[in-house]
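Encoded as structure tokens, the structure appears first; notes follow it.
The values are calculated or read from the model by the stated rules, or taken from the named source; none is laboratory data. Since the structure is predicted, the reported quantities are computational estimates derived from the model, not experimental observations. As a convention, Cβ positions derive from the backbone with ideal geometry for all residues, glycine included, and neighbour counts pool all protein chains shown. Side chains included, ligands, DNA and RNA excluded: accessible areas come from the protein's heavy atoms. Shrake-Rupley method; radii C 1.70, N 1.55, O 1.52, S 1.80 Å.
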Amino acid sequence: MEWGVALNVSETVSTTIDSAVILEEAGFDQIWITDYPSDRYAPVVAAAVAEATTGCKIGLGLLSPYLYPAGHITQMLETLILTYGPRFSVLLGPGDRYALQRVGVKQDRGTIVVERVIETALQVKQFLVERDLQGRVFLGAQGPRMIDASERVDGVLLNYTDLEMARLVTERLRTRKRGFIMGLFPPSHVSPDAQASRESVLFASTMVALGLTRSLQKKFGLSERIGPASRAVQESGRVTKEIIDTVGEDTLHRFGLGVTGPQLCRYMKDAEAYGYDLVVLGPPLCMSSQAVRYAAEARRACVE
Amino acid sequence: MYRVSLGITTSMSVETTGWIAAGADSLGADGVWIGEDIGVGQDTNTLAASVILQSKRVRVGTGIIPIAPHNTSTIARASIALQEMANGRYALGIGIGGVQDIQRIGITLRRPVTELRRTVNILRALWSGQSVSKVTELHNLREYQLRLREAVDIPVFFGVRGPKMLALAGEISDGVILSGPRDYLKKAVEMVDSAARKAGRDPSGVEKIVWVPTVPTFRGMKERTGRKIVALIVADTPSVVLDMLDLNRDDLERIRSTVSREGPKAAAAMVSREILDAFAICGSKEYMVDRFDDLSRTGATEIVLGPPYSGEWREAIREILQEVASRRGG
């Protein structure tokens, strides 16, 4: 089981570097650099992390093909892999529709989005193979189409927490190829205070929950909670406290991991038992230096 | 004394750009400028990051990133990350890009000067932490804001050629990256300075970087390589610039039509020594640094050395920078 953390939200590059060094020393296997449209450009931060760390794998993403065409993603990877070695992965997915709208990028609707992401992922993978560059391509997935398509690349990362929901992937990918990675990438926070951790992930968990397709909402029995909240966000373009309350804390904890150190350790073992190879602790964890240090301690304590 | 920098482009191999990045400090260069060949080779910002990370002293700048093919938000947030990593050594060079280059990827701008001005205003607002809403021919930002904890200062350089663009550079930029024939460069500096004075600025506060092809024939690079490159440049130079030159216009037109019909190799033979000298710096290290000195006297504050890189280019760079250092008394 590999441990990962995602960095790069509002932190400066030097804070991200400090966090990456602490986490690598604590035994984290992967550092992911997020690429939200209002945050620092991921490949640049990834280069800084590669320079400051010794061997951890480094992921870029989620990268949206609506912001970066395949050719641009391959250009990023070429420089990174040839300069810092075969340590890099990319995670492709549609991206946050509302955040992309704010920078003038309009996503398609429905299955066209999924097709575009898959097409881009395959182009990037083909480029890496043709150039004999060792890098991995992941799909960020929630639903069955993307999960099925992920078999044509190197792995799939789900952005929800609930392992029963995540069983969807393990059931669909029973005969996965050798080296294929199944991972989870939920909003996360780790602290000694369980309630504080749970509260810290509510906003980010709402964003993930609202991205769930209608068919999956129905499949997981969440339509009544998420449907009205989705409509409210479409009207206002923002996630408010009322919208978070509409979805409800219990539902949101199926999408986010707000835990103590021992709870994190237990979750990692459970995820492994379900057949997962990797858990990346997503934002907002990285926004707190204290949470980063606590996650590092939790990792050490869990392995000991 | 003027500064001397090294120029690289995204279409160069990682091995070449890596050698220059790693060696820039010890070679005695003052900076590294990175030109973007649209859609080709390395990602400009990632390459800039690797140059910053491999150096400690030199200024690292993009020279230039064409604004139209990139989302302004990407330019803004890449620049923030680069400046934080560089501790103030980073400079953002932007421009419209070669007309043919951007047309090739399906982009046309009706009001390029206006859009460049807007881009600078947007970038500076974003870097100071403001929320920006702007819908124009090129931009479509709605309540967009970077997640910054404090404002970040990033100098903005323009890579531009036409008179209106040069005037805009004098008015609002921190510096201008100039390329073109020698007579034009002199006039371009005058236009930038005049616009700066008109805007109430001290012209010396606007840096003038000159980046022309350098062909060090004393270390294996062939003069015909220089002639081929100059043929290409003549073909790509706007008529408004050619009109400013004291060169035979018929000769230049013959080169242009031959490049377009048969390619630069065929046109190379038509590039006379006079035309070669006007568009490139080609010769021994002493001759080349003499030309740098000439450019400095016409107002250049920094000269960019290379590309092309061929022959024993590593040795050539080392020797040219040593020649510059010896004239500085170093």
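Please find, among B:Asp236, B:Asp250, the residue that is in contact (Cβ under 8 Å) with a residue 24 or more places away in the chain and not aromatic (Phe, Trp, Tyr).
Criteria check complete, one pass: B:Asp236.
Given the condition touching a strand residue (DSSP E or B) at 6+ places or on another chain (Cβ under 7 Å), β-branched (Val, Ile, Thr) and surrounded by 16 or more Cβ atoms within 10 Å (Cβ to Cβ), answer yes or no: does some residue in segment B:129-147 qualify?
Within segment B:129-147, one or more residues are touching a strand residue (DSSP E or B) at 6+ places or on another chain (Cβ under 7 Å), β-branched (Val, Ile, Thr) and surrounded by 16 or more Cβ atoms within 10 Å (Cβ to Cβ).
Scan segment A:43-86 for residues that are at the interface with another protein chain (Cβ under 9 Å from one of its Cβ atoms), of a type outside the set (Val, Ile, Thr), closer than 18 Å to B:Arg77 by Cα and open to solvent by less than 10 Å² (accessible area, probe 1.4 Å) and jot them down.
A:Pro43, A:Ala46, A:Ala47, A:Ala48, A:Tyr68, A:Met76
Take segment A:149-172 and flag every residue that is under 21 Å from A:Ser89 (Cβ atoms) and surrounded by fewer than 17 Cβ atoms within 10 Å (Cβ to Cβ).
Passing the criteria: A:Glu151, A:Arg152, A:Thr170.
For A:Leu122, indicate whether it is at pLDDT 95 or above and more than 18 Å from the chain's Cα centre (by Cα).
The answer is yes for A:Leu122.
If I ask for residues that are under 15 Å from the mean Cα position of the chain (by Cα) and surrounded by fewer than 24 Cβ atoms within 10 Å (Cβ to Cβ), which ones from segment A:7-28 would you list? Walk me through it before giving the result.
First, pick out the residues of segment A:7-28 that are under 15 Å from the mean Cα position of the chain (by Cα): A:7-9.
Scanning segment A:7-28 gives a single hit, A:Val9.
Which of the residues that make up segment B:182-212 are open to solvent by less than 20 Å² (accessible area, probe 1.4 Å) and in contact (Cβ under 8 Å) with a residue 60 or more places away in the chain?
B:Tyr184, B:Leu185, B:Val189, B:Lys208, B:Ile209, B:Val210, B:Val212, listed by residue number.
Among the residues of segment A:278-304, what is the count of those that are part of a loop (DSSP other than H, G, I, E, B) and modelled with pLDDT under 95?
Qualifying residue count for the region: 1.
Restricting to segment B:76-101, give me the number of residues that are open to solvent by less than 10 Å² (accessible area, probe 1.4 Å) and either of a type in the set (A, V, I, L, M) or more than 9 Å from chain A (Cβ to nearest Cβ) (or both).
So the answer is 12.
Do you know which of the residues in segment A:1-36 that are touching a Leu at 6+ places or on another chain (Cβ under 6 Å) and more than 25 Å from A:Leu82 (Cβ to Cβ) is farthest from the other protein chains (Cβ to nearest Cβ)?
Selected residue: A:Val5.
Counting only residues that are surrounded by fewer than 18 Cβ atoms within 10 Å (Cβ to Cβ) and among the basic types (Lys, Arg), how many does segment B:218-251 have?
Qualifying residue count, segment B:218-251: 3.
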